[in-house]
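To start, the structure itself, in structure tokens.
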Amino acid sequence: MNLIPIRCAVCSVTDKTGLAELAEVLSGFGCRLLASGGTSTYLAEHRIPVQSVSEVTRFPEILDGRVKTLHPGIHAGLLAIREKPEHLRQLQELDLPAIDLVVINLYPFARVVQRPDRTIAEAIENIDIGGPAMIRAASKNFRYVAVLTDPADYPDIIAELRSNQGALSLKTRLRLVQKAFALTSRYDFMIQGYLDTLAAEEGTLKEAPAGAGFPEELSMPLQRVHTLRYGENPHQSAALYRRADRAPYGLPGAAILQGKEISYNNLLDLDAALCLGREFREPAAVIIKHTNPCGVACALTLADAYRRAYEADPLSAFGSIVALNRVLDAATAEQISGHFVEALIAPDITEEARRILMPKMNLRLLILSDWNEKDWRWRGIAGGFLVQEADLAAEESRDAQVVTSRTPDEKEWADLSFAWKICKHVKSNAIVLASGQVSAGVGAGQMSRVESVEIAVRKAGERSRGSVLASDAFFPFRDGVDAAAKAGISAIIQPGGSKRDEEVVQAAHEHNIAMVFTGVRHFRH
């Protein structure tokens, strides 16, 4: 059963893009067209011969159109096995057509629930019932029935119909059924995800607050954006997927203006850069290597922010990833053009800046206007996944508890707040030194906290004198504070909570270091 002539098709679509041309081609090959509700009206308006589904089922549409195609007269025609004489005999006795093609798309549930003004009742009304039922029936019987769910496929189907005198191949039907089941799976997940946000209270429904809990069962419909050259290493294959239940957002939704193919490691670094860049309200530049910041700065202008971030650690900035939180202008582009940057991302770019960077053909240049990310974070482990809320805590350093006799001065408070924001995005154990709204040294991913302090101090060199220090978690011993004091650090911000807090605070007293406790830890494993 390779080629199946399309003698009868049922059409039921919300999105009528391209439908008239497809129906005209089908009709031209003698195909009998059945349609329901608005689809039937649409085809008739285009003067395409069409028969109402109700004429076939001999049953009217009822319940405001909720029940149209949910009828044995339709599903029998979809499920009949053409090689079984008994099935064909029953269709003939009941005067029901064998249906060879279903042209269908579903109520726009995802689009409706994403509207801020939609009601719960409106969302629920846009849960399609008859559509998925027809898709599944046709899909189960794909050896004899084709199911067409995406208007983007219409041109290819039209071309094949014309090539095969009104017939479709088994290869095409298999491709279409794979896509159809992916659609219904994704659609069910979107409904489940929305219902998980609802709470029942005194006989009414309301939307629960974000992060109210994790469902017992969790699914994630993903759509491949493209395959990547390789994964973390050349011997590993990899691909980029996006959430298919939402409009493209985050890195999968970024516009790539130029450059070499984006790599797996590029994407990890870009994600880290974006997450840190969104922490700052003032113009900021973030320079990332291996998901850790090597240079971060805020300034009155973006160009000055980038210059200061680069000068924080020019050695590490070679071959880096850069994120900017303002429109990329010509002055900033001129500076970047003189450095080796692997990838650059900004919310927008001026035409002049675009011309400046265009000759750097290998520079991957991305534009992403949507910087907000309030999703769960997923990480794979052998045999499963870990899921958590994104770390969006944004403590103000001035709300922290001063635990030393010396209180930070105005400059120290500003730098403590700046360093604390960066520290949240450094691999633990994380230490960040900062001065004048510029990172001075970063110690990341060490097995002991004092080693991270020593690395940050070595990176900063003479800039450590008078700088402040941020630590993502408490100091387990006073040795980290002693090392900071030796380097000339004037103030420390940390969560506190160690059994030896008293010993650590005493060390700060001895060295005349101002110390504040935030009470919030920011591990990044």
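Each reported figure results from applying straightforward, stated rules to the coordinates on display, with no laboratory input. Source: prediction; values computed, not measured. Glycine also receives a Cβ, built like all others from the backbone with ideal geometry; neighbour counts cover every protein chain displayed.
Computed over neighbours whose Cβ is under 11 Å from that of Ala331, the net charge equals -3, Lys and Arg +1, Asp and Glu -1.
Could you give the dipole magnitude of region 243-298 about its Cα centre, charging the beta-carbon of Lys and Arg +1 and that of Asp and Glu -1, in debye to the nearest 20?
On the way: 6 positive and 6 negative charges, 10 e Å.
It comes to approximately 40 debye.
For an R0 of 60 angstrom, estimate the FRET efficiency from the Cβ-Cβ distance between Ala382 and Thr41 and round to the nearest 0.05. Show your work: numbers first, answer last.
Working: r = 55 Å, r/R0 = 0.91.
Efficiency, from the Cβ-Cβ distance: 0.65.
If you take every DSSP beta bridge fully contained in the chain, what fraction is antiparallel? Give it as a percent rounded to 5.
60
Translational D (Stokes-Einstein, µm²/s) of region 397-517 at 20 °C and 1.002 mPa s when Rh comes from the Kirkwood sum over C-alpha pairs? Provide the component values of the computation, followed by the final result.
Working: Rh = 13.4 Å.
Value of D from the Cα-based Kirkwood radius: 160 µm²/s.
The amide H of Leu257, built 1.01 Å from its N in the peptide plane, has Leu365, Leu366, Ile367 as neighbours under 5 Å, considering only residues 5 or more places off or on other chains. Just so you know, the averaged projected area of the alpha carbon convex hull for region 321-396 sits at 7.6 nm².
Each DSSP beta bridge with both residues in region 2-155 is either parallel or antiparallel, and the antiparallel ones are about 5%. Each Lys and Arg contributes +1 and each Asp and Glu -1, all at the Cβ; summed about the Cα centre of the chain, the dipole is approximately 1440 debye.
Pairwise Cα distances in region 254-367 exceed 16 Å for 51 percent of all pairs. State log₁₀ I(q)/I(0) for region 177-281 at q = 0.20, 0.22 Å⁻¹ as given by the Debye formula over alpha-carbon point scatterers of equal weight, solvent excluded. Log10 of I(q)/I(0), two decimals: -1.16, -1.21. A simple charge model with +1 on the Cβ of Lys and Arg, -1 on the Cβ of Asp and Glu and nothing else charged puts the dipole of region 397-517 at about 320 debye relative to its Cα centre. Per residue, the convex hull around the alpha carbon atoms of region 61-219 comes to 168 Å³.
From the gyration tensor of the Cα coordinates in region 112-201, what semi-axes in whole Å does the equivalent ellipsoid have, largest first, with each one equal to sqrt(5λ)?
Working: eigenvalues 229, 38, 18 Å².
With the √(5λ) rule applied to region 112-201, the semi-axes are 34, 14, 10 Å.
Compute the longest continuous run of the chain that contains no exposed GluC sites (Glu not before Pro); treat a site as exposed when its DSSP state is not H, G, I, E or B and it has at most 14 other Cβ atoms within 10 Å. No qualifying site falls inside 262-395, the longest such stretch.
Counting only alpha carbon atoms, the long axis of helix 449-460 and the longest principal axis of the chain meet at about 80°.
I want the antiparallel fraction of DSSP beta bridges within region 397-517, as a percent rounded to 5. Just about 60 percent of them are antiparallel.
Both radii are taken from the alpha-carbon atoms of the chain; with Rh as the Kirkwood radius, Rg/Rh is 1.12. Relative to the longest principal axis of the Cα atoms of the chain, helix 302-312 runs at roughly 60 degrees.
Where only DSSP H runs of four or more residues are counted, the chain gives -10500 deg cm²/dmol as its mean residue ellipticity at 222 nm, each run worth -39500 (n - 2.57).
As I understand it, the value is the acute angle between the Cα axis of helix 410-423 and the longest principal axis of the Cα atoms of the chain; what does it come to in degrees, rounded to 10? Computed tilt is about 40 degrees. Between the amide H of Leu205 and any residue lying 5 or more places away or on another chain, no distance stays under 5 Å, with hydrogens modeled in the peptide plane.
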